[in-house]
Amino acid sequence: MLIVNAAGTLLWMKFLKLLKLHFDTAVPIEDFLKSCGTAELVIAGIYICIVTPLIEESVFRRVIFEGLRDRCPPVFSVTLASLLFGALHGILFQLFSLCILGGYFQILYCRDGKLGSPVYAHFFNNTFAFSMLLLIKYSGINNLALY
């Protein structure tokens, strides 16, 4: 899934560039991580890797999807919940890949009706992303430019 997420982000960025739309590829947390100490990193890691997947999956799967599923056809419910997941992150250059990721989490939830699978997948995704940000912080790489 990480490969699909990265590929989706790159394709979406190329599409936006073709449309001559300006977008900022800076990730707000990148600046935060570069300026914080060990205690802040531990707190950020707990929040990003553990708390965020629990909250987001509860909201998007249990509240939004379940609310839509009772009123709309299943395909529409999955699609809208996935689009909202991507859009509400507010990062234009990652919109496409976040919608795909939201769809993947949604499929995991629909498969067994429990939050465990999407929470675990979300945890893995966020932990990988946070690890890459830490690598950037400690490696001396100046930015997250993808192209």
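The values are calculated or read from the model by the stated rules, or taken from the named source; none is laboratory data. Model, not experiment: these values are computed from the prediction. All Cβ positions, glycine included, derive from the backbone under ideal geometry; neighbour counts span all protein chains shown.
For the structure I just gave you, tell me whether residue 75 is loosely packed, with under 14 Cβ neighbours inside 10 Å and either touching a residue at least 24 places away in the same chain (Cβ under 8 Å) or part of a helix (DSSP H, G or I) (or both). So residue 75 passes the test.
Hey, among the residues in segment 55-84 that are touching a helix residue (DSSP H, G or I) at 6+ places or on another chain (Cβ under 6 Å) and of a type in the set (S, T, N, Q), which one's farthest from residue 122 (Cα to Cα)? Step by step, filter segment 55-84, then rank; the result is 77.
Take the conditions (1) more than 24 Å from residue 35 (Cβ to Cβ); (2) surrounded by fewer than 20 Cβ atoms within 10 Å (Cβ to Cβ); residue 97 misses just one of them, which is (2).
Among the residues making up segment 131-141, those that are part of a helix (DSSP H, G or I) and of a type in the set (A, V, I, L, M, F, W, C) are 132, 133, 134, 135, 136.
For segment 89-130, the set of residues classified as under 11 Å from the mean Cα position of the chain (by Cα), on the phi < 0 side of the Ramachandran plot and not in a helix (DSSP H, G or I) consists of 89, 91, listed by residue number. Here 66, 30 are screened, and the one residue that is among the acidic types (Asp, Glu), at pLDDT 90 or above and assigned to a helix (DSSP H, G or I) is 66. Which of the residues belonging to segment 85-104 are among the hydrophobic types (A, V, I, L, M, F, W, C) and touching a helix residue (DSSP H, G or I) at 6+ places or on another chain (Cβ under 6 Å)? Once the filter is applied, which keeps residues that are among the hydrophobic types (A, V, I, L, M, F, W, C) and touching a helix residue (DSSP H, G or I) at 6+ places or on another chain (Cβ under 6 Å), segment 85-104 yields 85, 93, 95, 96, 98, 99, 100, 101.
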